[in-house]
1. Tally up the carbon and sulfur contribution to the accessible surface of the chain as a whole percent, 1.4 Å probe, everything protein left in place.
2. Please give the per residue accessible area of the stretch 353-427, computed with a probe of 1.4 Å over protein heavy atoms only, in Å².
3. Between 0 and 90 degrees, rounded to the nearest ten: what's the tilt of helix 510-522 against the longest Cα principal axis of the chain?
4. Give me, ordered by chain and number, the residues 5 or more places off PHE301 or on other chains with an amide H under 5 Å from its own placed amide H.
5. Express the accessible area of the stretch 212-333 per residue in Å², computed with a 1.4 Å probe while the remaining protein chains stay in the model.
6. Can you tell me the dipole magnitude for the stretch 1-124 around its Cα centre, using point charges on the Cβ only (Lys, Arg +1; Asp, Glu -1), in Debye to the nearest 20?
7. How far is helix 15-26 tilted, in degrees, relative to the longest principal axis of the Cα atoms in the chain, given as a value from 0 to 90 rounded to the nearest 10?
8. For a protection proxy built on the mean count of beta-carbon atoms within 10 angstrom, sort 178-185, 524-531, 444-451 highest first, please.
Amino acid sequence: MRESSTDVLIVGGGLGGVAAALAALRAGRRVVLTEEYDWLGGQLTSQAVPPDEHTWVERFGVTASYRALRDGIRAYYRRHYPLTAGARAWRELNPGAGHVSPLCHEPRVAVAVLDSMLAPYRGGGLLTVLQPYRPVEAEVDGDRVTAVRLAHRDDPGDTIWISAPYVLDATETGELLPLTGTEYVTGFESQSDTGEPSAPATAQPLNMQAVSVCFAIDHVDGDHTIDRPERYDFWRAYQPEFWGGPMLGWRSPNPRTLEISERSFTPNPGDDPLRVRADQRRNPGDGNLWTFRRIAARDLFVPGAYASDITLVNWPMIDYLEGPVIDVPDAAGHLRAARELSRSVLYWLQTEAPRPDGGTGWPGLRLRGDVTGSADGLAQAPYIRESRRILGEYTIVEHDLSMAVRGDKGAARYTDSVGIGMYRIDLHPSTGGDNYLDVPSSPFEIPLGALLPRRVTNLLPAGKNLATTHITNGCYRLHPVEWNIGEAAGALAAFCLDRSAAPHAVRNDPTLLAAFQERLEEQGVELHWPDVSGY
């Protein structure tokens, strides 16, 4: 059995994991970064989710390294893609002209840029990337994690033990928490636990947000209809009681009002992509599902480069509600069923979906597995909205940021802030039968206390597994916030190694805390918001 050691072990190569690695590497620390899928980048790449970002993202409100990622994506397009003159001159280039974000792009571009950001450290020997590996066992000594055993995804007999003084859990579902015995929570906490007005009277640990398996499509000549999925009839008739009709349909609840609304779908609508200004504060942008998460707008490229726009399907109808995929014995079955739901949505689009002209189906819709890098044409990984979450020294609750609770006071300010973020409290329908909860929040901070387990001393969350609740997870789960959480965790591990200090001591010693926050600010991490209001 192979064994190795490093300064910082980061398990999970999503956005939080990559950001954590970069922070530790900038401090001169040796890092092992592991990832179970073929691409680094998590929700931005293997899960194929265009970035969900706040209204000020082009000016402030993200870390310097996250901005470098965004700048790198735009530079990659300008360097390698046949853009029109107008697109090339567009300073805030949005290659997909999608409405969900001012930077909708193809997943492979983010993969290339993330790899380039890590490349100097791999070449210099500070960084080792193990891919595709997943954690299967951990060694614990009292309140410390001493080592993690990782197994190759495709050859479980190929394993390696990695020991490190600091271990960061950047997995999508908090996989290290049960393996290490770190105390955690899942699903909905009770109102008596958190005091949150939107929490239920009793805890519901298996009531979690839906997972979704995304996919990319374009629309070209010919018949590209896939084989009819085995359980298509089940999904075709599937209808949650609050949905307003079959889930495979254009009618569904408006997330913000819960009124039943009808969305449109027009492939290649001929809009002017240079006029798209994505801003979810003013418009969620999901009126025409084709342009909602479009990742390639063909009219931004020279004629003939793209036969069609490419759009990313992450729509209400692919939310899988039949059961959670965390801490249940049939998790793998639910993940398979979620993939079948997505294939059923595609088949419905190709064959039965009502068209504006009165016909049904768009057989010209073509699954673009080459864009998502998967054998079955869907995203490599499911989009996981809700992870296991540590029981932390501080838990972020609804009162800290909900505008309904706080009014115009703004979000809570934390003396131990290690970053900032902004997104509405956005909860998708859940496995427990809940409808959307999508309400305004205030621009918020990330408290260091939410990155510190109550007992375990050297395991740090580096993603959605920090100490939020089911409710506040709804706004801490998005791309730039996950990046900031990971960056803070990686910087903290390096700082503790430099100072021979424990993470909990950094939070509770004013001198150490000030020194750590100063290091974060020197690296371009914003700790507090300017005077802006939420939405």
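The values are calculated or read from the model by the stated rules, or taken from the named source; none is laboratory data. Everything quoted here is computed from the prediction, not taken from an experiment. All Cβ positions, glycine included, derive from the backbone under ideal geometry; neighbour counts span all protein chains shown. When the accessible area is computed, the model is the full protein with side chains, heavy atoms only, and any ligands, DNA or RNA have been set aside. Shrake-Rupley method; radii C 1.70, N 1.55, O 1.52, S 1.80 Å.
1. Numbers: 9090 of 18990 Å².
The value for the chain is 48 percent carbon and sulfur by accessible area.
2. Numbers: 2630 Å² over 75 residues.
Ligands and nucleic acids excluded, the result is 35 Å² per residue.
3. 40
4. Amide H to amide H, under 5 Å and 5 or more residues apart or across chains, PHE301 pairs with THR84.
5. Details: 5500 Å² over 122 residues.
Dividing the accessible area of the stretch 212-333 by its residue count gives 45 Å².
6. Computed about the Cα centre, the dipole is about 520 debye.
7. 40
8. Details: 178-185: 19.0, 524-531: 15.5, 444-451: 25.8.
Going by the mean number of other Cβ atoms within 10 Å, highest first, we get 444-451, 178-185, 524-531.
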